[in-house]
Structure formats: structure tokens, C-alpha cells
Amino acid sequence: MTLAVSIILISAVLAFVLFIRPGAIPPNETLSPTAHLEERREAIHENLRDLNFEYRLGKLSDDDYEKTKLGLHNELAKVMAGIESIAGKKARPAPAAAQPEMKAGPAKPVYRCPACGAGFDKPMKFCGECAAPMGEAQS
Ligand SMILES: [Zn+2]
């Protein structure tokens with residue numbers, strides 16, 4: 001019963017990793033999760049340039065110009081905050097996730113041969129390297 005459940009779970013995970021993930025993630029998303037925000041930022045910069053241009057041509061009143069400029073600046077601040085929060089979230093978990101795997105290696109007890117010094121992870125009666133008798137409690 002438990003074995004069957006395990007097999008179903010493993011199959012589901014494998015199917016997810018092999019088939020669902022590559023198709024589900026759009027290529028732009030893997031290149032840069034902030035791409036759509038950077039696009040938005042460029043659009044706002046362009047709007048600001050257009051706004052300044054039209055103001056200089058005298059098409060806008062001072063009041064309209066200030067209001068529109070303030071609105072665009074507020075939107076730009078939101079977009080910049082969005083880019084920073086995505087970049088910050090992406091940078092933080094990576095080093096934390098890498099650490100446990102590196103520590104897992106040398107934690108095992110080592111049983112050393114008193115004759116040649118070879119190390120084994122299980123207690124043995126005779127050394128696997130030089131066949132000398134080994135005590136059970138060597139470390
Ligand atoms: Zn030995």
C-alpha cells in the first residue's frame with residue numbers, strides 16, 4: 001500500500017519535472033522576471049519625454065504638466081519598487097539553499113585501521129586495505 005503510494009508520488013513528481021515545467025514557464029520569464037516591469041519603466045520614461053516635449057511646445061498648461069508629471073513619477077516609483085522586490089527575493093534564497101548539501105559530506109564517523117590508517121564508514125574486523133585486524137571501537 002505504502003509502496004504503491006510512493007510509486008504514484010514519484011511518477012507524479014517525475015512527470016511534473018519532465019513534462020509540465022518546461023512548457024509552463026514562458027522563455028521571457030526565465031530570462032528575467034523583471035522584464036515586463038522594465039518594459040513598463042521604459043514606457044513611463046518615454047511618456048515623460050513626450051510630456052516635456054509637448055509642454056515646451058506650449059500644448060499643455062503648467063497645471064496639466066505638473067499633474068501628469070507627478071502621476072508618471074508615482075507610477076515610475078511603483079515600478080522601480082516592484083523591480084527591486086523581485087530582484088531582492090531572487091538573490092536571497094539561493095545561498096541559503098546551497099549550504100546544507102555542502103555540510104552533509106564529512107559528518108559520518110570514520111573507523112580507522114590502526115596498521116595503515118585507512119578510513120571506513122562501517123566497523124570491520126579486518127582492514128579492507130591491508131587486511132590487518134581492526135578493533136570494533138576505532139575512530
Ligand atoms: Zn589497514
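The values are calculated or read from the model by the stated rules, or taken from the named source; none is laboratory data. Here the structure is a predicted model, which is why all the values come from computation and not from measurement. As a convention, Cβ positions derive from the backbone with ideal geometry for all residues, glycine included, and neighbour counts pool all protein chains shown.
So residue 115 passes all but one of these: (1) within 16 Å of the ligand (Cβ to nearest atom); (2) modelled with pLDDT under 90; (3) not basic (Lys, Arg). Which condition number does it fail?
It fails just one condition, (2).
Got at least one residue in the stretch 92-106 being within 16 Å of the ligand (Cβ to nearest atom) and modelled with pLDDT under 90?
No: zero hits.
Between residues in the stretch 7-29 that are part of a helix (DSSP H, G or I) and residues that are among the aliphatic types (A, V, I, L, M) and at pLDDT 60 or above, which pairs lie under 7 Å by C-beta distance while being six or more apart or on different chains?
Partner pairs satisfying both residue conditions: 28/35.
Name the residues in the stretch 46-59 that are surrounded by fewer than 12 Cβ atoms within 10 Å (Cβ to Cβ) and closer than 27 Å to residue 86 by Cβ, would you?
If the condition is that a residue be surrounded by fewer than 12 Cβ atoms within 10 Å (Cβ to Cβ) and closer than 27 Å to residue 86 by Cβ, then 46, 49 are the ones that fit.
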